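See structure below.
FYI, it's all coordinate maths here, none of it is from the lab. What you see is a predicted model; the values in this text were computed from it and never measured. When we count neighbours, we look across all protein chains shown, and the Cβ atoms used for this are built from the backbone with ideal geometry, even at glycine.
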Amino acid sequence: MRAFVRVWLLGAGLLAAGPATGTGVNHAAEPAGGIVAAAGSGQAAEITTLRDEIEQLRGRLPDQSHVMKDVGYHFTNLWFAAQAKNWPLAKFYLDETRSHLRWAVRVIPVRRTSSGPLDLRPILDGLERTVFSDLQQAVDRQDAAGFPEVYRRGLVGCYSCHQAAEKPYLRPRIPEQPEVQIIDFDPHATGP
């Protein structure tokens, strides 16, 4: 990052210095590559180093399956929080589910399928406007009676994305137990 800032500052300095030094060259019209070339071979080496560092960082990022594991964790616990009528906890798990789904789509916004690229962003947008909006309303209204049906529709929405991504073997279902044993789902609990 430091090298990028130095190249940028050097480039900005060259742009600013052009007219002041009377070179008569309009540096503002030059492509960025011209600025980098003007920066010298030392800067080119730093750019190469930065590219290598970026590749190392990419290798350290979680893949989509790891992010989706978090989605499953939160969506599972959402079910149990709502069943216990612990609405603040249900809101927390719904918010985390939505946040992690957005993260999953940032990790891989477009999946390759046998029929071509599949852009996950409009699928998530559709789920956000329908199923997750309905889940939000059920949680906000503390609708214990209506929540299970809305949750099931959420599972159907999730599965439709799995099918579109050619992963029909990833079949979500109503969970049988929470993903976590350390959290007390009882809304009246006062502490450990």
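General observations
- Between Val180 and Ile54, the modelled labels are 3.6 nm apart [label points 7 Å from Cα along Cα→Cβ].
- Which of Tyr73, Tyr169 has the fewest Cβ neighbours within 10 Å, and the rest in rising order: Tyr169, Tyr73
- Cβ-Cβ FRET estimate between Arg171 and Leu61, R0 fixed at 25 Å, reported to 0.05: 0.40
- Low-density loop cleavage sites - trypsin sites (Lys or Arg not before Pro) in the range 107-149, where at most 15 other Cβ are within 10 Å (DSSP): Arg141
- If you model the range 113-192 as an ellipsoid using its alpha carbon gyration tensor, with each semi-axis the square root of five times an eigenvalue, the axes come out at 30, 16, 11 Å, biggest first.
- Taking the fewest neighbouring Cβ atoms within 10 Å as the starting point, the ordered list for Phe185, Phe75 is Phe185, Phe75.
- Computed extension length for Glu149-Asp125: 6.6 nm, one decimal, from 0.36 nm per residue of separation with the Cα-Cα distance subtracted.
- Taken about its Cα centre, the range 64-164 carries a charge dipole of about 220 debye when Lys and Arg each add +1 at the Cβ and Asp and Glu each add -1 at the Cβ.
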